[in-house]
């Protein structure tokens, strides 16, 4: 079951339209004006004084765009992106997909569709960023567990302890030093990595 959906407002957003001047861009600008989005159109690259960080959303031409137009690696856009697609040539569609377009609009652009594309793109971008954060958190937890296991193994060898006794010793030391288990484990591994058997109370 999904959570309640709140109809978003895009009033005041700044959109970068990376597309040559065309009837399609004029139609897009009219649509965006109706929902309060300010559009800056450039081609083929940003003008001096402009940066991608100045904008909230990017619309790019999937038919004539190229990698050098972007300041990031494919799939790592720092903002929601919408691909403007006119050609269904496999190479062009694959290129747009590789750049992680969060939504798409098919050309020719008519009098509607911009709002729906904005809703889909912003929600897809938010989900993607949340997933990336979750993955980073899981990787961090995995690294912590690996460090704890390595530190316990060091204590087992150093003091001739069982696994449970070594773990309890590590936990007790962390509590006495008022540090996290991970910090205590790092302390042990740093000592071991330096090849020193320092007296640390462990």
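Would you check which residues across segment 56-65 are under 14 Å from residue 13 (Cβ atoms) and buried (at least 21 other Cβ atoms within 10 Å of the Cβ) and list them?
At the first step, the residues of segment 56-65 found to be under 14 Å from residue 13 (Cβ atoms) are 56-59.
Those that are under 14 Å from residue 13 (Cβ atoms) and buried (at least 21 other Cβ atoms within 10 Å of the Cβ): 57, 58, 59.
Tell me, yes or no, whether segment 70-81 has at least one residue that is surrounded by 15 or more Cβ atoms within 10 Å (Cβ to Cβ), more than 20 Å from the chain's Cα centre (by Cα) and at pLDDT 90 or above. No, every residue in segment 70-81 fails to be surrounded by 15 or more Cβ atoms within 10 Å (Cβ to Cβ), more than 20 Å from the chain's Cα centre (by Cα) and at pLDDT 90 or above.
Yes or no: segment 126-146 includes at least one residue that is more than 30 Å from residue 187 (Cα to Cα) and surrounded by 13 or more Cβ atoms within 10 Å (Cβ to Cβ).
In the first step, residues of segment 126-146 are kept if they are more than 30 Å from residue 187 (Cα to Cα); the result is 126-131.
If we keep only those that are surrounded by 13 or more Cβ atoms within 10 Å (Cβ to Cβ) as well, we get 128.
Within segment 126-146, one or more residues are more than 30 Å from residue 187 (Cα to Cα) and surrounded by 13 or more Cβ atoms within 10 Å (Cβ to Cβ).
Residue count for segment 17-57, restricted to those that are within 24 Å of residue 111 (Cβ to Cβ) and in contact with a helix residue (DSSP H, G or I) (Cβ under 7 Å, 6 or more places away or on another chain): 10.
Does segment 99-139 hold any residues that are touching a helix residue (DSSP H, G or I) at 6+ places or on another chain (Cβ under 9 Å) and assigned to a helix (DSSP H, G or I), and which are they? Give the steps one after another, and end with the answer.
Just the residues of segment 99-139 that are touching a helix residue (DSSP H, G or I) at 6+ places or on another chain (Cβ under 9 Å), to begin with: 99-105, 107-115, 118.
Passing the criteria: 114, 115, 118.
The values are calculated or read from the model by the stated rules, or taken from the named source; none is laboratory data. Quick caveat, the model's predicted, so the values are computed rather than measured. A quick note on method: Cβ atoms are made from the backbone with ideal geometry, for glycine too, and the neighbour counts reach across all protein chains shown.
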